[in-house]
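Laboratory data are not the source of any read-out in this text; all were calculated from the coordinates shown. Note that the coordinates shown come from a computational prediction; the quantities given were computed from them, not determined experimentally. Cβ coordinates were reconstructed from backbone atoms using ideal geometry, including for glycine residues, and neighbour counts include every protein chain displayed.
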Amino acid sequence: MYEKQGHIGVPEDQDGNQGEYNETFKFYKHPRLPEGVFMQETWQTDSYGYNEFIESIQFVKGREKKVTVFEPI
């Protein structure tokens, strides 16, 4: 399983505003899925930052993304 943080609307140790939420994406690989295909669960919290629930489940395809970083020489 791979986990990635999504939207952060409720700061740590604080209550959020009505309608805000925190979001986490969880990705699962299964041997019967085609290469590069994962099942993604989208988890959200309530506006207090607690009570996690699954918002959606979908199949996604992973792809590499090239990122250029500029560093001093």
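Just to be sure I understand the model, the point goes 7 Å from the Cα along the line to the Cβ. What's the resulting Thr42 to Gln18 distance in nm?
2.3 nm
Which one of Tyr48, Gln14, Val67 is farthest out on the positive end of the charge dipole of the chain, using unit charges on Cβ (Lys, Arg +1; Asp, Glu -1) and the Cα centre as origin?
Checking the options against the dipole of the chain, the answer is Val67.
Please state, rounded to one decimal and in Å, the Kirkwood hydrodynamic radius that region 2-60 gives when every pair of distinct Cα atoms enters the mean of 1/r.
Numbers: mean 1/r = 0.0811 Å⁻¹.
Its Kirkwood hydrodynamic radius stands at 12.3 Å.
Order the peptides 30-36, 46-52, 63-69 from the highest to the lowest mean number of other Cβ atoms within 10 Å of their residues.
Details: 30-36: 7.7, 46-52: 13.9, 63-69: 4.9.
Taking the mean over residues of other Cβ atoms within 10 Å, the ranking is 46-52, 30-36, 63-69.
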